[in-house]
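One structure is given below, encoded as structure tokens.
Each reported figure results from applying straightforward, stated rules to the coordinates on display, with no laboratory input. Bear in mind the structure is a predicted one, so any value in this text is a computation, not a measurement. Here Cβ is always computed from backbone atoms with ideal geometry, including for glycine, and neighbour counts include all displayed protein chains.
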Amino acid sequence: MSFKVRIVSAERTVEVPTGGTILEAAIDAGIGYPFGCQSGNCGACKSHLLKGEVTMESYSEFALSDEEKERGLILACRAVPWEECEVAWLDEDDLIVHPRRILACKVVSIDDATHDIKRVRLEVVSGGPFDFSAGQFASVTFEGCAPRDYSMANVPGDPVLEFHIRRTQGGTVSAHVADTLKPGDAVRVEGPFGASHLRESHRGPIIAVAGGSGMAPLKSIVERALAKDMPQHIYFYFGVRSERDLYLHDHFAELAKKHPTLHFIPVLSEGDGMTLRCGLVHEAVAADFDEFDGCKAYLAGPPVMVEAATKLFDQRGMRRLDIHADAFYTAAEMASAGKKTGAEQ
């Protein structure tokens, strides 16, 4: 008995015998699959599992971390399929790794982005330099609070880190930020984490979809793409409930005037349709695009929005490899779902 495995990167399908690994079958078929040790220790054959289920034989956590495994990554040399699967080895942009740092920071400013979102800026006091890719997040610990994951809203290389923190019902950390945090307070930052970062070698259209404080990582992504003079058109959809939930509207409207390739589209789910588009943000994307050939999508915000947008792109034929999603779970949602990663609202 064997199982068919589609290797998307090679545009080939191989038969993997029961108990065999994907890498073994690929090598036997003459496919130039990247590999090294073949024993689960080096990570050279790290791949996306796009479809199907595999059992992983023993491997080193240095080759594949728990965070990577939860994101759907596997080691082809240790992956034994038990049904038909699709895999793709990592491309150059996927292989970007930044040193993980533990930073001592202090608050330099805190202000209201909206009625329930605080914009917090931190100066790195020690532990740097802090290198990251636009779209990644960090674990942030305020004094007396448990750590929480928040996305960087600044572009890489900025001397000040920026986070957008939405107050959530029953959220003790977000309440601390809203009610108690002040300039000069010490903050611990560890990171970077996350794979939903800008792929800077990509040259096709970018569709960025943010909901609420999902603005933060997509602000970083869009501003980084513009700073790098990436040539493609960028369609940035920002979905919120009402006008009081909008922020940075003027900022991105000005950027769009300076950069003809940037298109900023705010969408209100409870608007009156008089001045801005109304409806669900993924429906606005669906109305504007018939197909997504050559596009990459970057999504961040509430899980229901991210799931709806992902489903749309999937149904319209976008490759899963081109959908980079970061669902923002509250601490309560993460605890009830047993989740360990992902930036928080």
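Looking at the chain, send over the antiparallel percent of its DSSP beta bridges, to the nearest 5.
60
So if I place +1 on the C-beta of Lys and Arg and -1 on the C-beta of Asp and Glu, and nothing else carries charge, what would the dipole magnitude of segment 136-295 be about its Cα centre? I want it in debye, nearest 20. Don't jump to the answer; show the numbers that get you there.
Working: 15 positive and 21 negative charges, 59 e Å.
So the magnitude is around 280 debye.
Mind checking the full-extension length gain between ASP66 and LYS4? Use 0.36 nm per residue of separation minus the Cα-Cα distance, one decimal, nm.
Working: separation 62, 0.36 × 62 = 22.32 nm, distance 2.65 nm.
The ASP66-LYS4 span can extend by a further 19.7 nm.
Obtain the nm distance between the two label points defined at ASP112 and ASP28 by a simple spin-label model: each point lies 7 Å from its Cα along the Cα-to-C-beta direction.
For the pair ASP112/ASP28, the computed spacing is 6.6 nm.
Grab the other residues whose beta carbon is less than 12 angstrom from that of PRO266, score K and R as +1, D and E as -1, and report the net.
Net charge in that neighbourhood comes out at -1.
Which one of THR275, THR21, THR114 has the biggest mean-square fluctuation once the chain is modelled by GNM with Cα springs under 10 Å?
Taking springs between Cα atoms under 10 Å, the residue moving most is THR275.
So if I place +1 on the C-beta of Lys and Arg and -1 on the C-beta of Asp and Glu, and nothing else carries charge, what would the dipole magnitude of the chain be about its Cα centre? I want it in debye, nearest 20.
Numbers: 36 positive and 50 negative charges, 93 e Å.
Magnitude of the dipole: close to 440 debye.
Put +1 on the Cβ of every Lys and Arg and -1 on every Asp and Glu Cβ in segment 2-90; which of LEU73, SER9, VAL54 then has its Cα farthest towards the positive end of the dipole?
Of the options given, the answer is SER9.
For ALA25, what is the net charge nearby, where nearby means another residue's Cβ is under 15 Å from its Cβ and Lys, Arg count +1, Asp, Glu -1?
Value of the local net charge: -3.
What's the extension gain from GLN232 to GLN315 if we count 0.36 nm per residue and subtract their Cα-Cα distance?
Here the answer is 27.5 nm.
Which of LYS182/LYS219; LYS182/LYS258; LYS106/LYS258; LYS69/LYS118; LYS257/LYS296; LYS69/LYS106 have a Cα-Cα distance over 28 Å?
In this structure, LYS182/LYS258; LYS106/LYS258; LYS69/LYS118; LYS69/LYS106 exceed 28 Å between Cα atoms.
For a label point 7 angstrom out from the Cα of ALA186 toward its Cβ, which stretches of segment 135-169 have the backbone nitrogen within less than 15 Å?
Zone members listed by number: 141-145.
Evaluate the distance, in nm, between pseudo-label points positioned 7 Å from the Cα of VAL125 and of SER58 along their respective Cα→Cβ axes.
Those two pseudo-labels are separated by 4.5 nm.
P(r) tail for the chain, what percent of Cα pairs lie past 37 Å?
I get 21 percent for the Cα pairs in the chain exceeding 37 Å.
What does the extension gain come out to for ASP293 and ARG203, with contour length at 0.36 nm per residue minus their alpha carbon separation?
31.2 nm
Find out how many positive minus negative residues lie around LYS51, taking Lys and Arg as positive, Asp and Glu as negative, among other residues whose Cβ is under 13 Å from that of LYS51.
-1
GNM on the chain, C-alpha springs below 10 Å: top fluctuator among ILE31, ILE110, ILE74?
ILE31
Answer with one residue from ASN41, MET215, TYR237: the one whose Cα lies farthest towards the positive end of the charge dipole of the chain, charges on Cβ with Lys, Arg +1 and Asp, Glu -1.
MET215
At most 13 other Cβ atoms within 10 Å plus a DSSP loop assignment makes a site exposed; report the longest stretch of the chain without any exposed chymotrypsin sites (Phe, Trp or Tyr not before Pro).
Here the longest segment lacking exposed loop sites spans 83-345.
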